[in-house]
Structure formats: structure tokens, C-alpha cells
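Here's the structure we're looking at; comments come further down.
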Amino acid sequence: MAPATPAAPITATTATTEAAPSASGGCYFTATLIAALLTALIGLCGVGLQSLEGGPVRTPEAYRERVAVTRAAGENAPHGLAPRPASADATPRRVPDTSCVDDLGFDADGVTRDRPAYEWRVDYADRAAYHSALDGLRGIWTGRGLTVRTLEAPPPGTPGAGLRGIATTDENGVALSVGPDSFTGEPRVTSDGGCMRHQPTTELTE
């Protein structure tokens, strides 16, 4: 009988595994992404803070020009009121403002902030005449391509109850409105040129 053939030797096989990704490479990608996000966030915050501050610092001449444009816009508004008011202020009153203030210390030395804003009192014999004039002014503003918003009348028991108003922003970015004063209830024309950072200038006398 032939001798038995020896069994083939068993060869151990070593399983191969894929190399794990480099930990340092993943960390670098994450750090780069975070840095990019932080840069974008800082940029957005910078734009927001500049807006809060009143925009870039302007020259005294630029501020005086803004004052003149704001006042002229308010003076022109009553000309569109028909019927004409029984009486109206010949000169405007400067509207005090506490929102355009550097409470957080953004402004450097030699920089100030102001908001040119004015109001004129207009009197009407009755509510019907006032609302008729308001509707006429709305048509004029709309004809200029301006978007006109309706200001809801104050509720009963408050100053100016029942007197609605209108508001718009003109071609120069001046906010205009006609409506009852929140304290007296008497109709007012207002113009607001917005908060503006500028180098010191001699304030105009109103």
C-alpha cells in the first residue's frame, strides 16, 4: 500500500486593513473651517456695528448738507397738503433724540454723532379736512414713486385718537411723516435724516 501523501502545510494569512485617516489632517480641515466662519462672522459684526454707530465718519460739510436736505424735505411736505392747514409753524422744532448716542464707546476723539430731525405743527379746522389733505399728499408721494405707509390712528382715550397718518422715505433717504403727535395728539409733519457720524461742526441754530 502506497504511503499517505502528507497534508499541505497550513499557511497563516494576515488580513490587511486600510490605513486610518490621519488625525492631524482632519483637525487641520476643522480648524480651517472654523477660522473661515469666524472671519465671516467678524465681518458681519463689523458692518452691523458700523451701522449702529451711524456709518462712516463724514466731514463737517457733509453733515451740514444732510441737515439742509432733511430740513428742506420737511418744509416741502406741507406744500402738498390740500386743503391747506389753518395754521402751520413757520420754522421747525428740532426733535430731540436719544437713540443716536455712543453709549458703547465706538466713537474716537474728534468724532460725534447727530440725528437731524425736525417737526412742524399743522392745524386743521376739523378731522375731515385733515384726512382729505392726507389723502392728497399720499397721491403726490405715490406719484413720485415713493412707497407710502399708513400710520394707524391712536386708539380711543389716547392723544390724537382717530387721526391716522402716513409716512414715506424720499429719494434722499429722508424719513417723512404726517400724523398726530404722541404726546399732544396735534398733527405734525416730521422729517428725519437719520443718525450720522461726523467730525465736529458748529450746530445750525433752529
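For this structure, a couple of remarks:
- Residue match in segment 150-173 (condition: in a loop (DSSP other than H, G, I, E, B), more than 25 Å from the chain's Cα centre (by Cα) and among the aliphatic types (A, V, I, L, M)): yes
- Residues within segment 88-113 that are part of a strand (DSSP E or B) and either farther than 26 Å from G165 by Cα or free of Cβ contacts under 8 Å to residues at least 12 places away in the same chain (or both), tallied: 2
- Cross-chain or 6+ apart pairs with Cβ under 8 Å, segment 160-173 first and free of Cβ contacts under 8 Å to residues at least 40 places away in the same chain and on the phi < 0 side of the Ramachandran plot, then β-branched (V, I, T) and surrounded by fewer than 18 Cβ atoms within 10 Å (Cβ to Cβ): R164/T150; G165/T150; I166/V148; I166/T150; A167/V148; T168/T147; T168/V148; T169/T147
- All of D126, D135 fail the test of being within 12 Å of E186 (Cα to Cα), open to solvent by 70 Å² or more (accessible area, probe 1.4 Å), of a type in the set (D, E) and out of contact with any Lys or Arg (no Cβ under 8 Å at 6 or more places or on another chain), apart from D126.
- Taken together, the residues in segment 150-162 that are open to solvent by 20 Å² or more (accessible area, probe 1.4 Å) and under 17 Å from H131 (Cα atoms) amount to 9.
- Only one of S177, S182 that is among the polar types (S, T, N, Q), exposed (fewer than 15 other Cβ atoms within 10 Å of the Cβ) and within 19 Å of V95 (Cα to Cα): S182
- The number of residues in segment 59-102 that are of a type in the set (V, I, T), under 23 Å from the mean Cα position of the chain (by Cα) and at pLDDT below 95 comes to 4.
- Some residue of segment 106-119 being open to solvent by 60 Å² or more (accessible area, probe 1.4 Å) and of a type in the set (S, T, N, Q): no
- Filtered by the rule that a residue be open to solvent by 60 Å² or more (accessible area, probe 1.4 Å) and either within 23 Å of D135 (Cα to Cα) or in a loop (DSSP other than H, G, I, E, B) (or both), segment 60-81 gives R71, E75, N76, H79.
- Hits in segment 83-105 (condition: in contact with a Ser or Thr (Cβ under 8 Å, 6 or more places away or on another chain) and open to solvent by 50 Å² or more (accessible area, probe 1.4 Å)): P83
- Candidate set from segment 187-198 (those that are modelled with pLDDT of 95 or more and of a type in the set (D, E, K, R)); member that is most open to solvent (accessible area, probe 1.4 Å): D192
The values are calculated or read from the model by the stated rules, or taken from the named source; none is laboratory data. As the structure is a prediction and not an experimental result, all values here were calculated from the model. Note: ideal-geometry Cβ built from the backbone for every residue, glycine included; neighbour counts use all protein chains shown. Accessible surface areas use protein heavy atoms only, side chains included; no ligands, DNA or RNA. Shrake-Rupley method; radii C 1.70, N 1.55, O 1.52, S 1.80 Å.
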